[in-house]
Structure formats: C-alpha cells, structure tokens
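Contents: one structure, followed by commentary.
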C-alpha cells in the first residue's frame with residue numbers, strides 16, 4: 001500500500017507533460033488502478049493571461065509487467081534496479097486552437113481535461129486569433145529516473161512528434177520529494193524542474209510565420225530552441241479510506257528564453273490548480 005501511494009504522490013510537470021509513475025512491485029498478473037473526477041483551473045494556453053475552469057476525469061493504471069497509463073501518457077518500466085527507472089514513453093500532445101489548448105485526459109499525478117470546459121470571456125485582442133490550429137499529436141520518447149534516496153528522485157524525459165510538422169522535441173529534467181507525512185492520512189509532495197524544446201517545437205507554439213503575421217497582426221517571430229520554462233509544484237493527498245483519496249495540486253510555471261519573449265505570450269508566469277476525488281479499484 002505504501003508503494004502504491006508513492007506512485008500516485010509523484011508530482012508531475014505541466015498539464016501537457018508526460019507522466020512517469022514510480023515503479024510499483026506487485027504480484028504477477030495484477031494491476032493497480034485509480035480513476036476519479038475533479039476540477040482544474042489552468043491558463044488557456046502556455047503564456048495566456050485568461051484561464052479555463054474544466055471538469056477533470058483522471059486515470060492512472062500500472063500493471064505488474066511494468067506497463068503504465070497515466071493520463072494522456074503511457075510507458076513501460078524496464079529496469080530491475082530499485083534505484084533506477086527507465087523505459088519507452090508515449091504521449092498525446094493536446095491540440096491548440098484560437099480558443100486555447102484542447103482537451104485531454106488527466107492522471108492522478110497530472111491534470112488535463114476531458115469534459116467540456118467553462119472559459120472566461122476571451123479578450124478581443126486574443127493573440128491566437130488568426131494563428132494556425134495545431135492538431136493533437138502523438139509523441140514518442142523515453143524516461144530516465146534516479147533515486148537519490150527512498151524519497152528523493154531525479155527525473156528526466158524526452159518526447160518527439162509535437163508541433164505543426166510533427167518535428168517538435170521537448171525534454172524535462174527535475175527533482176521530486178515524495179510523500180512527506182504531515183499528519184495521519186495526509187501527505188505532501190513537492191517538485192521542481194526545467195523544460196527544454198528544440199527550434200521546431202518553439203516555432204510551432206511560440207513562433208509567428210510571415211503568413212501568420214499577416215492573418216493575426218502579431219509581429220514576425222522566429223524563436224530558437226533551448227530552455228523553455230522553469231516550474232515548481234506541490235501536491236497534497238488525503239487518504240479518506242483505503243480506497244478513496246482526495247488529491248490536490250498547485251503548479252507554478254515561468255516561461256523562459258525565447259518562449260517568454262514570444263508575441264503570443266501575454267503572461268510569462270502561470271499557476272495551475274486542481275483537485276479531484278480518486279477511487280482505487
């Protein structure tokens with residue numbers, strides 16, 4: 001049971017980030033599964049000043065053979081070492097239209113939305129007006145995590161396939177402190193990390209081509225690859241019973257480098273807040 005809570009307590013990166021739960025040893029042929037429903041308040045897109053409040057279905061499953069599903073990502077633990085985790089990783093990068101980032105499925109660790117959303121009235125000078133829609137893209141890559149101690153973990157992942165031409169590559173490195181016991185049934189986890197992206201990714205999500213400049217009124221902008229953002233997060237888990245959990249998270253992200261200087265960015269600092277009830281099957 002303690003190892004299972006380590007799985008759901010790991011704090012993720014952004015809503016679009018791929019999730020890599022901790023290894024969860026269990027009897028052959030078994031699985032652990034959490035499913036639930038909640039709500040999330042998040043920026044309309046990376047760098048937006050307006051926000052969405054959305055219904056939040058969540059899903060996280062791990063099988064004894066190491067395969068896991070966590071929100072819009074899936075992968076497989078291949079390492080037999082108790083201090084190293086690695087393996088292939090798949091994810092879906094959400095769509096971005098003029099109204100903002102599209103919907104998805106959340107995990108117990110990271111939150112995006114599946115159900116219709118309620119959006120604050122969009123400003124008349126919406127920077128995405130006239131910009132091309134970026135469709136949802138499948139991404140493929142790998143993750144690699146190292147435990148510094150039973151409660152501290154260095155994390156890393158790389159995913160390729162996002163963006164207008166499917167050639168965007170993004171990566172993340174971070175550190176997590178898992179499951180600090182504050183009181184009986186109450187635990188808190190914290191994390192910090194850096195996000196990186198290649199030029200193709202930056203151009204798709206933060207750049208403005210000559211054609212887009214004509215249609216949107218934004219200035220021409222061609223960002224380079226490099227550091228994309230800096231983030232910190234915290235998660236509070238309340239075990240209401242052996243089967244029910246209330247999980248809440250707060251994540252602050254600051255865009256950096258060429259992403260921050262994009263004409264599409266209204267606000268470089270954003271906070272995402274979410275809470276959900278999850279049931280263990």
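The values are calculated or read from the model by the stated rules, or taken from the named source; none is laboratory data. The structure presented is a predicted model; accordingly, all values stated were derived computationally and were not measured. We place every Cβ from the backbone using ideal geometry, glycine too, and count neighbours over all the protein chains shown.
Details
- Residue among 172, 139, 109 that alone is within 19 Å of residue 92 (Cα to Cα), assigned to a loop (DSSP other than H, G, I, E, B) and either under 18 Å from the mean Cα position of the chain (by Cα) or at pLDDT 90 or above (or both): 109
- Residues of segment 64-98 satisfying the condition of being touching a strand residue (DSSP E or B) at 6+ places or on another chain (Cβ under 7 Å) and surrounded by fewer than 17 Cβ atoms within 10 Å (Cβ to Cβ): 64, 67, 76, 78, 79, 83, 84, 88, 95
- The lone criterion from (1) at pLDDT 95 or above; (2) farther than 30 Å from residue 260 by Cβ; (3) assigned to a loop (DSSP other than H, G, I, E, B) left unmet by residue 85 is number (3).
Residues checked against (1) at pLDDT below 85; (2) assigned to a strand (DSSP E or B); (3) touching a helix residue (DSSP H, G or I) at 6+ places or on another chain (Cβ under 8 Å):
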| position | (1), (2), (3) |
| --- | --- |
| 4 | yes, no, no |
| 18 | yes, no, no |
| 37 | no, yes, no |
| 40 | no, yes, no |
| 69 | no, yes, no |
| 79 | no, no, no |
